[in-house]
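All remarks here apply to the structure that follows.
The values are calculated or read from the model by the stated rules, or taken from the named source; none is laboratory data. Source: prediction; values computed, not measured. Glycine also receives a Cβ, built like all others from the backbone with ideal geometry; neighbour counts cover every protein chain displayed. For the accessible areas, the whole protein counts, side chains as well, though only heavy atoms, and no ligand, DNA or RNA atoms are used. Shrake-Rupley method; radii C 1.70, N 1.55, O 1.52, S 1.80 Å.
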Amino acid sequence: MYLVHVSVRPRRGGTVLSPSVAGLIALACADQDGFEHVTVHADALPHPVLGFYLLADSLAEAETSADALWRHVALSVPELRDWELVRAEVPLLRPEAES
């Protein structure tokens, strides 16, 4: 399983991403291959982050799947229509940062 961070930004200033959109994303992705779970980090900087937990055979496949899931939810979840993709990537974690 991979965690892919999908960073998004509003198309217009003043648009706020609600953490409650996670439930709508989960419903929209329930039948999508590899989708397991989503979290929303609305206050992440410099851009809000959707954390997609995905089953995939490789890191590259997971990032590609997350990109496709974003495109799917951007069209099917009205609350996301004013948002655009910045990037979809697996976050790199430093071993010394673990506690």
Quiz prompt | Top-ranked residue in the range 7-34 [being open to solvent by less than 70 Å² (accessible area, probe 1.4 Å) and part of a loop (DSSP other than H, G, I, E, B); ranked as farthest from residue 55 (Cα to Cα)] | solution = 15
Quiz item: Residue check: is residue 39 over 19 Å from residue 10 (Cα atoms) and not in a loop (DSSP other than H, G, I, E, B)?
Solution: no
Quiz item: Which of the residues that make up the range 10-61 are among the β-branched types (Val, Ile, Thr) and touching a residue at least 60 places away in the same chain (Cβ under 8 Å)?
Solution: 15
Self-check item: Any pair with Cβ under 6 angstrom, 6 or more apart, that starts in the range 62-82 at a residue that is within 14 Å of residue 24 (Cβ to Cβ) and small (Gly, Ala, Ser) and ends at one that is at pLDDT 95 or above and open to solvent by less than 10 Å² (accessible area, probe 1.4 Å)
Solution: 74/80
